[in-house]
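Asker: Quick one: the structure is below, questions incoming.
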Amino acid sequence: MSSKLDVVLGLQWGDEGKGKIVDVLAGRYDAVARFQGGPNAGHSLHFDGQSFVVRSIPSGIFREGSTNVIGSGVVLDPVTFREECGNISKMGIDPKKKIFISKKANLILPTHRLLDAANEAAAGKGKIGSTLKGIGPTYTDKISRNGLRVGDILAPDFQQKFEKLKAKHIQQIKGLNYECDPDQGEAEWMSAIEFLKEFNLIDCEYFVNDWIANKGTMIAEGAQGSMLDIDYGSYPFVTSSSTTIGGVCTGLGVAPSKIGKVFGIFKAYCTRVGSGPFPTELFDETGEKIRQVGHEFGAVTGRPRRCGWLDLVALKYTVMLDGVTDLIMMKSDCLDDFETIKVCTAYKVDGKITDQVPFDIACEIEPVYTEFPGWKTDLSGIRKESDLPKAFTDYVKFMEDYLGVPVSIISLGPDREATIER
Ligand code: IMO
Ligand code: MG
């Protein structure tokens, strides 16, 4: 047994390609665990000519024999979860055998979704650009100690607890002058709760610790990215959970000493969906070209993603926050056709150069760029490191030196096979 829990975390603003990498790595682990977030995540997997998007279910689900854990730090929408399970069942996989759900995970109620929409409508210009899946309101209830948890569905007073929380939400929605039907989706939700009862509901902390001590290997799969972390991201334009390394410990009930490798995943450029600061954002045809080549449209919402050059200042910050031991670089092949490739290596704030992310990342930041000649080679078919062009390997070396961590996996396309390990 390894007795350590390895981790994969997104280092940017989400959508780094975590689904693909967890799917690739999952073949080497006996179990995959989600520790935070919920159906705001959209992890895309591609294999055997097919594509799938998983939302609450860990990306290990398609690997034979894998065990998949939905941890305590996750917020679970039973309706989305049942839909996802339906899609997986069509593949001949039995979700009830492979998925174990923490009793301490919080439930997303239909009125949490309505509240999410009501909050966004009331925010006007200060809109977060939320995915409207009810994430923020569910975590708000958790922290204010009003939440409903998966384990509660087995209690005789579940219905009363539900009604009490729903009544509270109706008052909040009224206070925001938001017009909606508060019963919307409730019948479907209640029937999805019955579906949830058929699963193995676990004491996640005992399950995970016993697993890594006695049963096998496990990898924790982060959702969103470190720049969307509730404490260290571009607050308030963040998600409502701990997407950085500490979230693994609280979300699964494991001690820091049990953490093994920390894989930090980033794209060769940056994207962001929703509102909020993005220092290297491009508003020109280069940004548009990245969006088209990289197919940068949301897996959950279909929204076009904002695109920009790689921001090494932000990346060094998240590498530090997460204690990354191995970097995984995604979508380098999307930059194949650029004459010049830029990376931001410093910020100019108030006329001063800094390599640190300022408290208010929404302040006026001028990115300072280092330029590299493009490799102008189709990388997508390359499977051996020795076949990579020098201009590309020089660029990777520069990044490793700047960040102080080796790039151990390079992904050159969406398919499982388009992966080079070093
Ligand atoms: P994956 O796991 C990218 C963004 C939303 C919004 C902000 C808050 O696929 O990388 P929320 O619904 O969480 O309250 O929205 O966070 N966001 C994501 N952006 N990828 C994600 O997940 C995201 N999940 C949330 O766009 O700006
Ligand atoms: Mg996504």
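The values are calculated or read from the model by the stated rules, or taken from the named source; none is laboratory data. Predicted, not measured: the structure shown is a model, and the values here were computed from it. Glycine also receives a Cβ, built like all others from the backbone with ideal geometry; neighbour counts cover every protein chain displayed. Heads up: the accessible areas ignore ligands, DNA and RNA and are worked out on the full protein's heavy atoms, side chains in. Shrake-Rupley method; radii C 1.70, N 1.55, O 1.52, S 1.80 Å.
Asker: Within region 350-416, which strands (runs of 3 or more DSSP E) (wholly inside it) include 1 or more residues that are open to solvent by 90 Å² or more (accessible area, probe 1.4 Å)?
Answerer: Output list reads 352-354, 366-373.
Asker: Turning to a different aspect of this structure: So which of Lys316, Lys331 is within 16 Å of ligand 2 (Cβ to nearest atom), under 27 Å from Ile259 (Cβ atoms), within 20 Å of the chain's Cα centre (by Cα) and open to solvent by 20 Å² or more (accessible area, probe 1.4 Å)?
Answerer: Of Lys316, Lys331, the one residue that is within 16 Å of ligand 2 (Cβ to nearest atom), under 27 Å from Ile259 (Cβ atoms), within 20 Å of the chain's Cα centre (by Cα) and open to solvent by 20 Å² or more (accessible area, probe 1.4 Å) is Lys331.
Asker: Give just the number: which of (1) farther than 25 Å from Arg149 by Cβ; (2) outside any helix (DSSP H, G or I); (3) open to solvent by less than 40 Å² (accessible area, probe 1.4 Å) does Ile219 not satisfy?
Answerer: (1)
Asker: A follow-up question, please. Give me the residue from region 375-422 that is of a type in the set (Gly, Ala, Ser) and farther than 27 Å from Ser44 by Cα and, out of that set, nearest to the chain's Cα centre (by Cα).
Answerer: Across region 375-422, the extreme among qualifying residues is Gly404.
Asker: Give the residues of region 56-98 that are aliphatic (A, V, I, L, M), surrounded by 23 or more Cβ atoms within 10 Å (Cβ to Cβ) and over 19 Å from Thr301 (Cα atoms), sorted by residue number.
Answerer: Ile61, Val69, Ile70, Val74
Asker: Could you list, ordered by first residue, the pairs with Cβ atoms under 6 Å in which the first is in region 117-141 and at positive phi and the second is in a loop (DSSP other than H, G, I, E, B) and surrounded by 24 or more Cβ atoms within 10 Å (Cβ to Cβ), at least 6 apart or interchain?
Answerer: Qualifying pairs under 6 Å: Gly134/Ile108.
Asker: Filtering region 277-292 down to residues that are out of contact with any strand residue (DSSP E or B) (no Cβ under 6 Å at 6 or more places or on another chain) and more than 18 Å from Cys344 (Cα to Cα), which residue is nearest to ligand 2 (Cβ to nearest atom)?
Answerer: Gln292
Asker: Sticking with this one: Would you mind finding the one in Asp394, Asp360 that is under 27 Å from Phe278 (Cβ atoms), of a type outside the set (A, V, I, L, M) and at pLDDT below 95?
Answerer: Exactly one of Asp394, Asp360 is under 27 Å from Phe278 (Cβ atoms), of a type outside the set (A, V, I, L, M) and at pLDDT below 95, namely Asp360.
Asker: So is Ala362 over 18 Å from Tyr269 (Cβ atoms) and within 23 Å of the chain's Cα centre (by Cα) or not?
Answerer: Judged against the criteria, Ala362 is a match.
Asker: If you don't mind, there's one more thing I want to ask. Can you find, within region 213-244, the residue that is farthest from ligand 2 (Cβ to nearest atom) among those that are of a type in the set (A, V, I, L, M) and more than 20 Å from Ile143 (Cβ to Cβ)?
Answerer: Here the answer is Ala213.
Asker: Further, regarding this structure: Going by what's in this entry, would Lys104 be described as basic (Lys, Arg), under 24 Å from the mean Cα position of the chain (by Cα) and part of a loop (DSSP other than H, G, I, E, B)?
Answerer: When the stated conditions are applied, Lys104 passes them.
Asker: Testing Cys270 on (1) within 16 Å of ligand 2 (Cβ to nearest atom); (2) in a helix (DSSP H, G or I); (3) open to solvent by less than 20 Å² (accessible area, probe 1.4 Å), one condition comes back false. Which one is that?
Answerer: (2)
Asker: Considering (1) more than 10 Å from ligand 1 (Cβ to nearest atom); (2) more than 13 Å from the chain's Cα centre (by Cα); (3) open to solvent by 20 Å² or more (accessible area, probe 1.4 Å), say which one Arg303 fails and leave the rest.
Answerer: So the condition that Arg303 fails would be (1).
Asker: A further question follows. Taking region 273-300, which residues are among the aromatic types (Phe, Trp, Tyr) and surrounded by 17 or more Cβ atoms within 10 Å (Cβ to Cβ)?
Answerer: Matches in region 273-300: Phe278 only.
Asker: Another one. Pull out all pairs, ordered by first then second residue, where Cβ-Cβ is under 9 Å, the residues are six or more apart or on different chains, the first lies in region 30-45 and is near ligand 2 (Cβ under 8 Å from one of its atoms), and the second is of a type in the set (Gly, Ala, Ser) and part of a strand (DSSP E or B).
Answerer: Cβ pairs passing all conditions: Ser44/Ser51.
Asker: I've got another one for you. Consider Asn209 carefully, then state whether it is open to solvent by 20 Å² or more (accessible area, probe 1.4 Å), in contact (Cβ under 8 Å) with a residue 60 or more places away in the chain and part of a helix (DSSP H, G or I).
Answerer: no
Asker: When region 111-166 is examined, which residues are found to be over 24 Å from Asn177 (Cα atoms), assigned to a helix (DSSP H, G or I) and over 23 Å from the mean Cα position of the chain (by Cα)?
Answerer: If the condition is that a residue be over 24 Å from Asn177 (Cα atoms), assigned to a helix (DSSP H, G or I) and over 23 Å from the mean Cα position of the chain (by Cα), then Gly151, Asp152, Ile153, Leu154, Phe158, Gln159, Gln160, Lys161 are the ones that fit.
Asker: Additional query: When region 338-349 is examined, which residues are found to be open to solvent by 60 Å² or more (accessible area, probe 1.4 Å) and part of a loop (DSSP other than H, G, I, E, B)?
Answerer: Once the filter is applied, which keeps residues that are open to solvent by 60 Å² or more (accessible area, probe 1.4 Å) and part of a loop (DSSP other than H, G, I, E, B), region 338-349 yields only Glu339.
Asker: Here is a further query. I'm told Val273 meets every condition in (1) away from ligand 1 (no atom under 13 Å from the Cβ); (2) over 19 Å from Val75 (Cα atoms); (3) of a type in the set (A, V, I, L, M) except one. Can you identify the failing condition by its number?
Answerer: (1)
Asker: Another question, then. How many of the residues making up region 212-256 are farther than 20 Å from Arg272 by Cα, in contact (Cβ under 8 Å) with a residue 24 or more places away in the chain and not hydroxyl-bearing (Ser, Thr, Tyr)?
Answerer: 15
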